[in-house]
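Step one of this worksheet: look at the structure below.
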Amino acid sequence: MRALIATLLLSLALPLAAQMRPPHLEPIPEPPAPPKGYELDPSLEPEVTTFTRGADVIEELRIKGRLYMVKVTPIATGVPYYLVDETADGQFTHHGGADTHLRPPMWLLRRF
């Protein structure tokens, strides 16, 4: 009986709580401009080239004309992997994808 009364009182209080107006909010001021010398250089924005080769969608990312990352999305699986030039020597390393070479540890606990 008490649960029924509590449920009824709560169901009456919820519409009243929904009608309450929020306090007057003031807009957030604009952030200040960055100091001199910290302006963004438009030449540092990455240039993205997207094309399809066979059954793969390939996105090449370049900064100042230098290729630093390739994103390959196989159409069959849809799981992208990345080729990243981490040391800027032209050697790309493989990251991500369906085959991440992650193997869970498997130990033989008991043999029957």
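The values are calculated or read from the model by the stated rules, or taken from the named source; none is laboratory data. All values derive from a computational prediction rather than experimental measurement. Ideal geometry is used to build each Cβ from the backbone, glycine not excepted, and the neighbour counts take in all protein chains shown.
Summary table below
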{"quantity": "Residue among 15, 29 that alone is exposed (fewer than 10 other Cβ atoms within 10 Å of the Cβ) and modelled with pLDDT of 75 or more", "calculated": "29"}
{"quantity": "Pairs, first in contact (Cβ under 8 Å) with a residue 12 or more places away in the chain in region 72-98, second among the basic types (Lys, Arg), C-beta under 9 Å, six or more apart", "calculated": "72/53; 80/71; 81/71; 82/71; 83/71; 85/66; 88/66"}
{"quantity": "Among (1) of a type outside the set (Val, Ile, Thr); (2) at pLDDT 85 or above; (3) assigned to a loop (DSSP other than H, G, I, E, B), the one test that residue 62 misses", "calculated": "(3)"}
